[in-house]
1. What is the angle, in °, between the Cα long axis of helix 44-54 and the longest principal axis of the Cα atoms in the chain? Nearest 10 is fine, range 0 to 90.
2. Output ³J(HN,Hα) for the stretch 146-157: one whole-Hz value per residue in order, computed from phi by the Karplus curve 6.51 cos²θ - 1.76 cosθ + 1.60 with θ = phi - 60°, and x for Gly and Pro.
3. What list of ³J(HN,Hα) couplings, whole Hz, do you get for the stretch 17-32 from phi and the Karplus terms 6.51, -1.76, 1.60, once you set θ to phi - 60° and write x for glycine and proline?
4. How many angstrom lie between the Cα centre of the stretch 175-239 and the Cα centre of the stretch 5-51?
5. How much of the DSSP bridge set in the chain is antiparallel, in percent, rounded to the nearest 5?
6. With a Förster radius of 35 Å, plug the Cβ-Cβ distance of Leu281 and Gln69 into 1/(1 + (r/R0)^6) and report the FRET value to the nearest 0.05.
7. At 7 Å along the Cα-to-beta-carbon direction for both Arg115 and Asn218, put a label point, then send me their distance in nm to one decimal.
8. Exactly which trypsin sites (Lys or Arg not before Pro) in the stretch 19-95 are in a DSSP loop and have at most 14 other Cβ atoms within 10 Å?
Amino acid sequence: MKTDLHTHSTASDGCLTPAELVRHACKEDLALLALTDHDTAAGIPEAEQASRSARLNFVPGIEFSTEVQQAEVHILGYWLDFDSRLLLDFLERLGYSRRERIQRMVGTLQGLGIRLDADEILESKRSGVFGRPHVALALVQHGYASNVEEAFARYLKIGKPAYVPHCKLSPRQVVSLVIKVGGLAVMAHPGLSARDDLIPGLCRDGLGGLEAYYPEHNPSQVYRYRGLAQQAGILVTGGSDFHGPAVPNDQTGGNLRARGSMSHSPLGSINLPAQDVERFLAWGRAHQ
């Protein structure tokens with residue numbers, strides 16, 4: 001079963017609408033797709049409707065952003081109760097925090113002599129949430145960087161002049177929230193976070209899986225995270241972190257992921273073993 005359990009749409013920082021993402025998944029012969037936009041469920045209804053029409057197995061999800069001591073740790077939540085007032089209020093707060101973050105980043109950039117308009121950036125998107133890629137794209141469009149990767153490297157990465165931290169959310173808080181709203185919490189791309197020390201504690205808090213299969217994990221990392229998951233008795237997952245088809249660095253246009261060294265792994269490019277897919281789906285069947 002060809003699957004992808006980590007993807008993004010225009011509801012966050014992807015370049016395909018949820019319906020376009022589903023059509024692309026069908027074109028690539030995927031049998032199972034999860035949409036996991038950053039800190040929002042705005043794309044879920046459209047993706048669910050398109051998946052039903054296409055007869056594609058679909059899993060709704062969210063990728064939550066947290067920070068621990070200058071390290072970003074992302075938690076994937078699957079099969080959440082999207083009617084939960086607790087979740088809806090939480091997402092509303094995150095959306096507000098992300099808009100405020102954009103304004104703070106732009107204010108910092110203005111202090112560096114860079115003429116950007118926060119309102120222009122915020123008005124460029126009708127729904128979903130905002131993130132650093134939207135500021136990076138504005139930097140490219142106004143001539144302050146040649147591509148989005150350069151904008152991140154010069155201004156927006158951790159430690160750079162215009163970096164602004166996320167709202168103060170810990171991985172433990174997000175794992176707790178996911179469990180409270182009936183979902184499965186999975187640590188996304190642990191190799192990128194480089195905070196393996198957090199995994200035992202998060203497992204005790206209810207973490208349900210590790211994303212061992214990921215484009216930027218080397219074979220030894222895949223082996224390590226499979227082993228850690230097996231020791232903890234939790235699931236192994238995988239996904240491409242797809243944001244859209246790659247485009248040349250000098251053709252950013254409206255594509256938020258035209259980012260040089262940033263991963264452009266194709267949709268469905270991660271081969272998650274069949275037994276892991278079945279265990280993942282079995283969890284969903286048992287908890288729905």
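Any read-out appearing in this document is the output of simple, stated calculations on the displayed coordinates, not a laboratory observation. The model shown is predicted, which means the values in this text are computed figures rather than measured ones. Backbone-built Cβ (ideal geometry, glycine too); neighbour counts: all protein chains shown.
1. That helix lies at roughly 60 degrees to the long axis.
2. With the stated coefficients, the stretch 146-157 comes to 7, 7, 5, 4, 5, 4, 5, 4, 8, 10, 10, 6 Hz.
3. 5, x, 5, 5, 4, 4, 4, 5, 4, 5, 4, 8, 6, 6, 9, 8
4. When both Cα centres are located, 22 Å separates them.
5. Counting only bridges with both partners in the chain, antiparallel ones make up about 45 percent.
6. 0.50
7. Here the modelled spin labels are 4.7 nm apart.
8. Here the trypsin sites (Lys or Arg not before Pro) that fit, given the DSSP loop and packing criteria, are Arg55.
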